[in-house]
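Trainee: Please read through the structure below; I'll follow up with questions.
The values are calculated or read from the model by the stated rules, or taken from the named source; none is laboratory data. Just so we're clear, the structure is a prediction, and the values are computed from it rather than from any experiment. Because the Cβ atoms are built from the backbone with ideal geometry, glycine has one as well, and the counts that use them run over all protein chains shown. Ligands, DNA and RNA are excluded from the accessible area calculation, which covers all protein heavy atoms including side chains. Shrake-Rupley method; radii C 1.70, N 1.55, O 1.52, S 1.80 Å.
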Amino acid sequence: MKIKNFTNVFKREIKRIFTHRDLLLICFAAPMVYGLLFSFLYINKRAGNINIGVVDFDNSAISRELIRAVNASPELNPSGGYASPNEAYADILKDKIDALYFIPQGFSEDIKKGKPAVAVGAVNAGNFLVSSAVLKKVSAISMEFSKQEFIKILMRRGFDYKSADNLFHPLRADNRYIFNPEMNYSAFFLPALLIAVLQQILLIAVCSSVSKEKIDGGQKELYEAAGGSWTAVFLGKSLPYVFVGIALNLAGIFIMLPHNGIYASSVLNLTLVSTAFIMAITAFAILISALFNSPQASLAALMFYAMPTLLLSGFAWPNYALPIYLQIISLFFPSTYAVNHIRILILGDAALKYSILPIAVLLSFALLCYFAARLVERKTRRIFAILPKKSNLK
Amino acid sequence: MKSILNIAVREFRIILKSKLLLFLLLAFPAADFLLLGGIFMSGSLEELPIAVIDEDNSALSRMIIRSFDSSADMQVKYRLSNINELKDYLIRQKVVLGLYIPRDFQNNIKRQKPQSLIVFTSASNYITASIADAGANTIIATLEAGIKYQILSKKGFSHEEALALVQQIQNDNMKLFNPALNYHFYLTPGLWLSILHQLLILFGALAIAKEFDMKTVSPMYETANKSVLKVLLGKTIFYTAVSFGHFEILYRLIFPLFGIKFHHWSIAPILFGLCFCIASISLGLLLSSVLKTQANAFKGVLLISAPAFLLSGYTYPISIMPKFLAVFVQIIPLTPFLAGFKKIYHQDLGINYIYPYIVHLLILAIAFFAASYILLRFRIEKGAENEN
């Protein structure tokens, strides 16, 4: 391959991106819309102000104090006035509240007598984000609320305040959350979405570009610009999209994520892994375009590809928890090697040594796609379709 | 009525001749249903890999490690010597949690000096972090209760008194509609239905776009007695019938195949599914009236339907989205459909609880259908003028 042939194809592709409305929209307008959509979607970071119906059958100073503790929690938004748990349950069914908290009669009496008092919480587990937040908060409130009574009882038995206080929590869990200190849903989801959007945009853009060559009959021009070199076509056509991908990735890291309070620290490391991922995806898109005869067929294949690959990447459900057949299938997707690692690089600080393996795998994948696409092209002539035999070129 | 039927029959013949459309009708949903069905098959995450740094190396610290190892949620996979090593394991994603037991831990507990167990949780993955965090806190709370009980007993409290003081307020927590917090039952049906949503919009989008691509608008128009309304009705009826096949396959075959129970034979899911099909296909028809070619229709559907599941409120509640987004998501048919589907599937409720969602879907269907009628009529008339 001569450098001139590569630069011809490269310049031609850059020109196509900026002169074809479709490609311009896919490469720049669509990511902007996605970016805005997702960065506003998770702006509240985690579940808060969850409507919880409170039913107080005890109606004592202690129960009212407990309700005040529920009220003070930013995660919960208590609404009283329920005459019975059934009434509150009916509102759960109508989606007016997500949970109910029931304090039965005799609750304060039990606490005063030093008997275990039972409070009933019921949460709509149809949404895990809401239900786990409610359960965690209600447990924490119950745990801390009884401290005063505990100390009073112990002091009546001759303990001094300090030793009674020490005895309330002889052992504690000191929870430290690495990579996502506030356990925000946005920090968990947005980095993965950034990669998913990048993947989607690059796949559609490259397939659209190759499709356009087929529909508009631009293959002859492409062929001449490349001087008949497949490598020049492959590199010249894919590199502009690699640059588009890098630009989009940087826009995500420096605009979309900071909008949600996420600031990447390992930027160089992150850029290297992301670039390897972008190269793998771009090469894969060229392979898909070569595999399918019609533009519609290649786009249909992408439709099948996007959602399962993201979910198989282990970004939400760990790879080791997948059934064996899916673990094997997931090995063939670049997102498996990129999504989790890139998220860690966005949320934390990791040395370059951690990225060597993912980069090597992603670049190998790109290389494999290059050879596979070349093989397909030789057999089918789908990108250089104007000249069925190589002998005709000479 | 006959012309509407003719359009539907014509659509059927076109599909039979097109490998791509057959692939989209059969292979695409089947493959995605099977792939997505397996992802959350385990239902819950068990034996999450964790690491331990035991600087105390006492009977109590070994007992704590055994408690973690014997819990269903976690498995002690590595015993490490320092925090840096743990950080390395967390970055490499070999473990989701690291437990640090400090030096003199047992002695301090014996001296009644409050102690902390440091729990490092990798929170980059919210799901694994939540499970590991809840598991670790439960184990530590149980251990704390045991320690508290022993100290109180030694201080002269009776068994009953010590027991009551260990947990003064007992929470009887109920997880309604999914007591085991099973991810498979929760997420998989929603994902399957979002695939169906994508497919329905695509059907609608290709229904018109392919006629323009193949330059068969005139014969189609003739078949419908030159009525755009009949064209749209014929195509909508045909694809709604096809989608019912998909619903049947999904509910009767795929749900049981992946062990998910769903009482789909009552009137509510059938009527609800019908409204969903019409609304989604109408959205597709509207897209194809705007986007002129099949390739554009594909791109449009890919870009529009991809974020629909995230925006639907199925996993991230609409109530915590910004106001403008909470309004915007209401124009996506998947949003009211999944909200109503949850009522039928999770809560086993009937038509009384889903009629607001039915009305919502019907409003969307009418709006999309009317808009696509106006646009398609304009395009056909403009095309006819150009020909003249």
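Trainee: Please report, ordered by residue number, the helices (runs of 4 or more DSSP H) entirely within region A:1-106 with at least 3 residues that are farther than 30 Å from residue B:350 by Cα.
Mentor: Passing ranges, in order: A:3-19, A:21-24, A:30-41, A:61-72.
Trainee: Does residue B:87 satisfy being farther than 26 Å from residue A:189 by Cα, in the same structural domain as residue B:146 (by TED's automatic domain parsing) and open to solvent by 30 Å² or more (accessible area, probe 1.4 Å)?
Mentor: Here the answer is no, as residue B:87 does not meet what is asked.
Trainee: List every residue pair whose Cβ atoms lie under 9 Å apart, where the two residues are 6 or more positions apart in sequence or sit on different chains, the first residue falls within region A:157-186 and is more than 7 Å from chain B (Cβ to nearest Cβ) and farther than 22 Å from residue A:75 by Cβ, and the second residue, located anywhere, is open to solvent by 40 Å² or more (accessible area, probe 1.4 Å) and among the β-branched types (Val, Ile, Thr).
Mentor: Pairs found: none.
Trainee: Now for a separate question. Output the number of residues of region A:285-314 satisfying the condition of being open to solvent by less than 10 Å² (accessible area, probe 1.4 Å) and either touching a residue at least 60 places away in the same chain (Cβ under 8 Å) or not in a helix (DSSP H, G or I) (or both).
Mentor: Residues in region A:285-314 being open to solvent by less than 10 Å² (accessible area, probe 1.4 Å) and either touching a residue at least 60 places away in the same chain (Cβ under 8 Å) or not in a helix (DSSP H, G or I) (or both): 10 in total.
Trainee: Okay, next question. Could you list, in sequence order, the residues of region B:81-126 that are closer than 23 Å to residue A:345 by Cα and over 34 Å from the mean Cα position of the chain (by Cα)?
Mentor: If the condition is that a residue be closer than 23 Å to residue A:345 by Cα and over 34 Å from the mean Cα position of the chain (by Cα), then B:82, B:83, B:84, B:85 are the ones that fit.
Trainee: Continuing with this model, one more query. Just to verify a result, which residue in region A:142-156, among those that are within 7 Å of chain B (Cβ to nearest Cβ) and farther than 13 Å from residue B:165 by Cβ, is surrounded by the most Cβ atoms within 10 Å (Cβ to Cβ)?
Mentor: Per the criteria, the residue is A:142.
Trainee: Tell me, please, whether a residue that is surrounded by fewer than 20 Cβ atoms within 10 Å (Cβ to Cβ), more than 9 Å from chain A (Cβ to nearest Cβ) and closer than 30 Å to residue A:298 by Cα can be found in region B:35-46.
Mentor: Checked against the condition, which is being surrounded by fewer than 20 Cβ atoms within 10 Å (Cβ to Cβ), more than 9 Å from chain A (Cβ to nearest Cβ) and closer than 30 Å to residue A:298 by Cα, region B:35-46 yields no hits at all.
Trainee: Can you tell me which residue in region A:109-128 is farthest from the other protein chains (Cβ to nearest Cβ), limited to those that are surrounded by fewer than 17 Cβ atoms within 10 Å (Cβ to Cβ) and assigned to a helix (DSSP H, G or I)?
Mentor: So, considering only residues that are surrounded by fewer than 17 Cβ atoms within 10 Å (Cβ to Cβ) and assigned to a helix (DSSP H, G or I), the one farthest from the other protein chains (Cβ to nearest Cβ) is A:109.
Trainee: Suppose we keep only residues that are out of contact with any helix residue (DSSP H, G or I) (no Cβ under 8 Å at 6 or more places or on another chain) and in a helix (DSSP H, G or I) within region A:145-162. Which one would you say is nearest to residue B:171 (Cα to Cα)?
Mentor: Within region A:145-162, the match that is nearest to residue B:171 (Cα to Cα) is A:148.
Trainee: Of all residues in region A:34-44, which are surrounded by fewer than 19 Cβ atoms within 10 Å (Cβ to Cβ) and more than 8 Å from chain B (Cβ to nearest Cβ)?
Mentor: Scanning region A:34-44 gives a single hit, A:36.
Trainee: Would you call residue A:365 without any contact (Cβ under 8 Å) to a residue 60 or more places away in the chain, out of contact with any strand residue (DSSP E or B) (no Cβ under 9 Å at 6 or more places or on another chain) and open to solvent by 30 Å² or more (accessible area, probe 1.4 Å)?
Mentor: Answer is no for this residue.
Trainee: Next question. Can we say residue B:208 is crowded, with 22+ Cβ neighbours inside 10 Å, within 22 Å of residue B:333 (Cβ to Cβ) and away from chain A (no Cβ under 14 Å)?
Mentor: Against the criterion (crowded, with 22+ Cβ neighbours inside 10 Å, within 22 Å of residue B:333 (Cβ to Cβ) and away from chain A (no Cβ under 14 Å)), residue B:208 qualifies.
Trainee: For region A:77-93, indicate whether the set of residues that are β-branched (Val, Ile, Thr), in contact (Cβ under 8 Å) with a residue 40 or more places away in the chain and open to solvent by less than 30 Å² (accessible area, probe 1.4 Å) is non-empty.
Mentor: No, that holds for no residue.
Trainee: How many of the residues in region B:265-317 are among the small types (Gly, Ala, Ser), open to solvent by 20 Å² or more (accessible area, probe 1.4 Å) and within 20 Å of the chain's Cα centre (by Cα)?
Mentor: 1
Trainee: So, one more: Quick one: would you say residue A:376 is open to solvent by less than 50 Å² (accessible area, probe 1.4 Å) and modelled with pLDDT of 95 or more?
Mentor: In short, no.
Trainee: Here is a check on your reading of the model: is residue B:329 open to solvent by 20 Å² or more (accessible area, probe 1.4 Å) and either more than 13 Å from chain A (Cβ to nearest Cβ) or in a helix (DSSP H, G or I) (or both)?
Mentor: no
Trainee: I'd like the residue in region B:31-70 that is in a strand (DSSP E or B) and not acidic (Asp, Glu) and, out of all such residues, is nearest to residue B:81 (Cα to Cα).
Mentor: Result: B:53.
Trainee: Right, another one. One residue is enough: does region B:333-351 have a residue meeting the conditions surrounded by 17 or more Cβ atoms within 10 Å (Cβ to Cβ), modelled with pLDDT under 95 and within 19 Å of residue B:228 (Cβ to Cβ)?
Mentor: Scanning region B:333-351 turns up no residue that is surrounded by 17 or more Cβ atoms within 10 Å (Cβ to Cβ), modelled with pLDDT under 95 and within 19 Å of residue B:228 (Cβ to Cβ).
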